[in-house]
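The values are calculated or read from the model by the stated rules, or taken from the named source; none is laboratory data. These numbers were taken from a predicted model, which means no experiment stands behind them. Backbone-built Cβ (ideal geometry, glycine too); neighbour counts: all protein chains shown. Just the protein is used for accessible areas: all its heavy atoms, side chains included, with ligands, DNA and RNA removed. Shrake-Rupley method; radii C 1.70, N 1.55, O 1.52, S 1.80 Å.
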Amino acid sequence: MAKKVVLGFSGGLDTSYCAKYLGEDKGYEVHSIIVNTGGFTEEEVKHIETHAYKLGVKSHKAVNAVKSYYDSIIKYLIYGNVLKNNTYPLSVSAERLSQALHIADHAEELNADAVAHGSTGAGNDQVRFDMIFNIMIPGVEIITPIRDLKLSREEEIEYLKNKGVEMNFEKSMYSINKGLWGTSVGGKETLTSKGMLPEEAWPTPVTKTGSEEVKLHFEKGELKKINDENFHHPSDAIQYLQSVAGPYGIGRDIHVGDTIIGIKGRVGFEAAAPMVIIKAHHALEKHVLTKWQLNWKDQLAQFYGNWLHEGQILDPVMRDIESFLETSQRNVSGDVFIQLYPYRFQVIGIESPYDLMSSKFGKYGEMNTGWTGEDVRGFSRIFGNQTMIYHQVKDAATPKKI
């Protein structure tokens, strides 16, 4: 009797190779699963199912994880304004963890002998998948053909062509991972330290010119409305904003980062909605949170983002930080106004009942209405008192040069 293997499947080059190789060459009973974290339409999900069965899988399962992905991960990335190295919104890092958890659940449901994924041996995903599987389904064998055989994309294409597999191999020259929180793009231009992806490599073509203003309405840190249009769930608002801002070419960049395995790597990404949301949310926070709320949020959010990036979503400290981030959002409500342009955007300002920048207490650089000049003189003397004492004591104790 053939052993069961559950294969995380996207229908792309790597996982198509895995399905064919594990089933025909290795004799496994392959059960594929696609976890949709916002990168596929219903039509695409059905096409991927058809493709999986053509490759010879025994069963195929599709999981719509968009809302749960937002609720369990993306929400906290927004609360923390998380950008890896001040650049990257953790588009793929975050979705891989959601996918790995669902794949592990499916392997447990089927009582599978093994679980497989299409990660290479030189990236972060292999660690994220392996670690989640080791924690959630210990003892289940982990099979990684692309990593173990050290295959190039050209070798995978040649293998599938020889097996009679029909798919868009030209598109497969770039590794594209699309999800709710952005799309990563890898290709020959990102394999060296210099080079920009060509226009045709970006999934969203630039079709908009001119500019337009959008109003984002946040309630307790979550995006609820855009231009006065309500959404049932924040994930719907994110997808709508992506459709508005994406055609401007906003959010395109190259991220250079330290991988979990110690090497540096470059990856292209486009993330119009995530970049606009994070900058808008941060602008609102700067108006409604106190200095020390912002300070501690920044420190905890940076750790949270780095630990999430390295696959440590199941570490209990993450739940503790999420609790802090959640409570910090109780007054983060209001409207943020954004002007969109080709390849860029600008935060115009905010309106919030919790805005601490109130003229009632003074106008910065112009008028003090909540205190007097004498108040400031006394405050300034006391505020610098210990430092003044330090310098006077130091000067008295230091021998004078003759």
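Remark on region 89-134: Rg and Dmax equal 10.9, 35 Å (Cα only). The simple spin-label model puts a point 7 Å past each Cα toward its Cβ; for ASP253 and GLU213 those points are separated by 2.6 nm.
Based only on the alpha carbon positions, what is the Kirkwood hydrodynamic radius of the chain, in angstrom? Please list the in-between numbers first.
Working: mean 1/r = 0.0422 Å⁻¹.
Answer for the chain: a Kirkwood hydrodynamic radius of 23.7 Å.
Over region 292-402, the hull volume per residue, using the convex hull of the C-alpha atoms, is 311 Å³. Could you list log10 I(q)/I(0) for region 154-228 at q = 0.13 Å⁻¹, which the Debye formula gives when each Cα is one point scatterer? Log10 I(q)/I(0), no solvent term: -0.68.
When the chain is treated as a Gaussian network with alpha carbon springs shorter than 10 Å, the biggest mean-square fluctuation among ILE261, ILE382, ILE137 belongs to ILE382. Largest first, the extents of the alpha carbon coordinates of region 251-342 on the three principal axes equal 41, 40, 20 Å.
For region 104-138, the residues whose backbone nitrogen is under 16 Å from a point 7 Å from the Cα of LYS150, taken along Cα to Cβ, are 120-123. GNM remark for the chain: springs join alpha carbons under 10 Å apart, and the peak mean-square fluctuation among LEU55, LEU191, LEU77 falls on LEU191. Whole-Hz Karplus values for region 116-127 come out as 9, 9, x, 5, 7, x, 10, x, 7, 4, 4, 6 Hz, taken residue by residue from phi with 6.51 cos²θ - 1.76 cosθ + 1.60 and θ = phi - 60°; glycine and proline positions read x. Label-to-label distance for VAL317 and THR372 is 5.1 nm, based on points extended 7 Å past Cα in the beta-carbon direction. Positive end of the charge dipole of the chain (Lys, Arg +1 and Asp, Glu -1 on Cβ, about the Cα centre): tell me which of THR204, ASN306, HIS391 has its Cα farthest that way. Working it through, the farthest residue towards the positive pole turns out to be HIS391. Only helical runs count toward this figure. For the chain, summing -39,500 (n - 2.57) over DSSP H runs of n ≥ 4 and dividing by all residues gives -12000 deg cm²/dmol at 222 nm. Mean-square fluctuations from a GNM of the chain, with a 10 angstrom spring cutoff on Cα atoms, peak among LEU101, LEU356, LEU22 at LEU356.
Using protein chains only and a probe of 1.4 angstrom, how many square angstrom of ASP228 are accessible, to the nearest 10? Approximately 100 Å² for this residue. The residue among SER68, VAL376, ILE48 whose Cα reaches farthest toward the positive pole of the charge dipole of the chain, with charges on the beta-carbon of Lys, Arg, Asp and Glu, is VAL376.
In order along region 294-305, the Karplus-derived 3J(HN,Hα) couplings, from 6.51 cos²θ - 1.76 cosθ + 1.60 at θ = phi - 60°, round to 4, 4, 6, 4, 4, 5, 5, 5, 5, 5, 4, x Hz, and Gly and Pro are given as x.
Express as a percent, rounded to the nearest 5, the fraction of DSSP beta bridges in the chain (both residues included) that run antiparallel.
On the way: 37 of 54 bridges.
Expressed as a percentage, antiparallel bridges in the chain total about 70.
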